[in-house]
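> My structure is below; once you've seen it, I'll send some questions.
The values are calculated or read from the model by the stated rules, or taken from the named source; none is laboratory data. On a predicted model such as this, the values are computed, not experimentally measured, just so you know. Note: ideal-geometry Cβ built from the backbone for every residue, glycine included; neighbour counts use all protein chains shown.
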């Protein structure tokens with residue numbers, strides 16, 4: 001009987017999950033180019049048994065922007081998987097990234113400017129399509145008075161997730177030239193608090209960690225084995241760290257998936273995480289357990 005270790009088991013289990021990710025869809029003109037797999041591996045259509053073209057791309061379902069391969073059949077996008085040559089996500093993406101095919105072909109996807117029909121109540125869902133020229137003119141008619149009054153900051157720009165260079169062009173060019181810093185987006189209710197704290201601590205709002213080579217992880221409320229800004233990268237590396245002997249201690253009000261996979265789950269009362277951290281810090285300082293040279 002062949003023996004299989006834990007690491008090999010997880011690899012095989014991961015491949016099994018990826019193998020069921022194919023589903024058909026319609027309506028997309030593919031980009032040029034294709035990726036050749038190592039050892040001659042190919043992806044086939046379950047309907048036609050034909051080889052599908054694979055096109056390298058990037059996932060925009062979250063800020064991770066994992067490298068992907070988009071599989072195309074008859075000039076239509078039919079499946080998305082992780083790019084095996086990617087150094088960050090190492091050939092894996094989450095289910096949200098795989099489901100991005102649905103976003104491309106969503107029947108409610110907005111491709112043109114709309115406005116609420118004149119005389120209809122807000123929230124009534126009564127819209128009419130207008131031309132881009134009409135949209136530009138209406139925007140100018142609303143923005144120009146603010147400039148004339150010297151009150152550009154009263155214009156608030158709120159957006160979801162902008163793609164590619166859109167963010168740089170809109171924020172650094174248009175909004176800066178207009179004179180407003182009143183900007184909001186999905187990060188306000190997503191990572192806003194975390195970004196502010198990290199900017200105050202080390203000067204940048206993004207965090208970079210080496211969790212794969214750490215010996216101990218103190219985790220406060222983060223459920224990275226289930227959901228995280230860099231879910232695929234973090235979960236892969238944290239799992240490798242634990243398999244290499246790293247200890248994971250999770251402080252959380254509930255037994256999350258990450259807490260369940262921790263060496264120890266320490267339940268805390270809601271809103272008392274900072275109290276625990278301050279108490280631990282006091283013990284470290286009083287006992288001289290900190291690295292003074294560092």
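> Is there a residue being surrounded by 13 or more Cβ atoms within 10 Å (Cβ to Cβ), closer than 27 Å to residue 57 by Cα and not assigned by TED's automatic domain parsing to the domain that holds residue 258 anywhere in the stretch 225-235?
No, the conditions are met nowhere in the stretch 225-235.
> Residue 76 is checked against (1) touching a strand residue (DSSP E or B) at 6+ places or on another chain (Cβ under 7 Å); (2) more than 29 Å from residue 226 (Cα to Cα); (3) in contact (Cβ under 8 Å) with a residue 24 or more places away in the chain and fails just one. What number does that condition carry?
(1)
> Output the number of the condition that residue 236 fails; it satisfies all remaining conditions of (1) modelled with pLDDT of 95 or more; (2) under 18 Å from residue 223 (Cβ atoms).
(1)
> So for the stretch 155-170 (the condition being surrounded by 14 or more Cβ atoms within 10 Å (Cβ to Cβ), closer than 27 Å to residue 230 by Cβ, free of Cβ contacts under 8 Å to residues at least 24 places away in the same chain and not assigned by TED's automatic domain parsing to the domain that holds residue 227), does at least one residue qualify?
The answer is yes; a qualifying residue exists.
Yes/no per residue for (1) in contact with a helix residue (DSSP H, G or I) (Cβ under 6 Å, 6 or more places away or on another chain); (2) part of a strand (DSSP E or B); (3) closer than 27 Å to residue 269 by Cβ:
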position	(1), (2), (3)
161	no, no, no
174	no, no, no
187	no, no, no
199	no, no, no
226	yes, no, yes
229	no, no, yes
232	no, no, no
237	yes, no, no
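> Let me ask another. Just a yes or no: is a residue in the stretch 140-147 without any contact (Cβ under 8 Å) to a residue 60 or more places away in the chain and not in a helix (DSSP H, G or I)?
No: the stretch 140-147 contains no residue that is without any contact (Cβ under 8 Å) to a residue 60 or more places away in the chain and not in a helix (DSSP H, G or I).
> So, residue 91, is that one part of a helix (DSSP H, G or I) and in contact with a strand residue (DSSP E or B) (Cβ under 9 Å, 6 or more places away or on another chain) or not?
Answer is no for this residue.
> Is it the case, given these coordinates, that residue 255 is in a loop (DSSP other than H, G, I, E, B), at pLDDT 95 or above and more than 30 Å from residue 67 (Cβ to Cβ)?
In short, yes.
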